[in-house]
Amino acid sequence: MRARLDSVREEIAALLATADQGRILREGVRVVIYGATNAGKSSLLNRLLGYDRVIVSETHGTTRDAIEETVNLDGVPIRLLDTAGLRAPTSELEREGIARTEKSLRLADLRLRIADRNAPKPRHFDERTGDSNEIVVLNKAICPKTVTGKISMRCGFRA
Ligand SMILES: Nc1nc2c(ncn2[C@@H]2O[C@H](COP(=O)(O)OP(=O)(O)OP(=O)(O)O)[C@@H](O)[C@H]2O)c(=O)[nH]1
Ligand SMILES: [Mg+2]
């Protein structure tokens, strides 16, 4: 009986260890694109999808709602979510959009924090987040070549 219980316990431990992996294959990886208004979040979503899915404009606060589209990466569904830009809300509608952004962030597997490289950074902005589930993308950059001739990863996405 003890041997059987031990083996059941091992099986449960193995299942638990791969549970997140199973969910990701079934439901997809939730990637949330977020950051200040006008940073280039919607542009990045369009570029990753390969078509003009969402409205891009110079106006701050263009995206009011969270918009999700899925791409397939080597058989793994990647659920890309474009979100309302973060700033002090100027209307009740925008407040609701930002609340949705914050909710999405809590459910994210991976967060892409988009920042306009040329815009003033918030006081505590740190591009090395130290959080393995978050990548800071410095957008609107002319990327310098590294010594190896490759595009510097710190420049992030380029159109
Ligand atoms: N130069 C340059 N402009 C960019 C880049 N990415 C986006 N833009 C421009 O920046 C402006 C804002 O882009 P959006 O993609 O709408 O920005 P957003 O973060 O979705 O903005 P909100 O929805 O308002 O939060 C547009 O005029 C884009 O054309 C980039 O890599 N380089
Ligand atoms: Mg947008």
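Since every read-out is calculated from the coordinates, none of them should be taken as a lab result. Here the structure is a predicted model, which is why all the values come from computation and not from measurement. Cβ sites come from the backbone with ideal geometry, for glycine too, and all protein chains shown count toward neighbours.
Remarks
- For Ile114, residues with placed amide H under 5 Å, excluding near neighbours: Tyr34, Gly35, Val137
- Under the Karplus curve 6.51 cos²θ - 1.76 cosθ + 1.60, θ = phi - 60°, whole-Hz ³J(HN,Hα) for the stretch 5-21, x wherever Gly or Pro sits: 5, 4, 5, 5, 4, 4, 4, 5, 4, 5, 4, 4, 4, 9, 4, 5, 4
- Of the peptides 90-101, 9-20, the ranking by mean beta-carbon count within 10 Å, highest at the top, reads 90-101, 9-20.
- Rounded to whole Hz, the Karplus (6.51, -1.76, 1.60) HN-Hα couplings of the stretch 23-29, x for glycine and proline: 4, 5, 5, 6, 9, x, 8
- Percent of Cα-Cα distances greater than 15 Å, calculated over the stretch 31-81: 42
- Segments 29-39, 110-120 sorted - mean Cβ within 10 Å per residue, highest first: 29-39, 110-120
- Long-range amide H partners of Glu134 with built H, under 5 Å: Arg111
- Sorting the Cα pairs of the stretch 59-112 by distance into bins of 10 Å, from 0 upward, gives 24, 47, 23, 6, 0 percent per bin.
- Equivalent ellipsoid of the stretch 27-139: semi-axes from √(5λ) of the C-alpha gyration tensor, largest first, are 21, 17, 14 Å.
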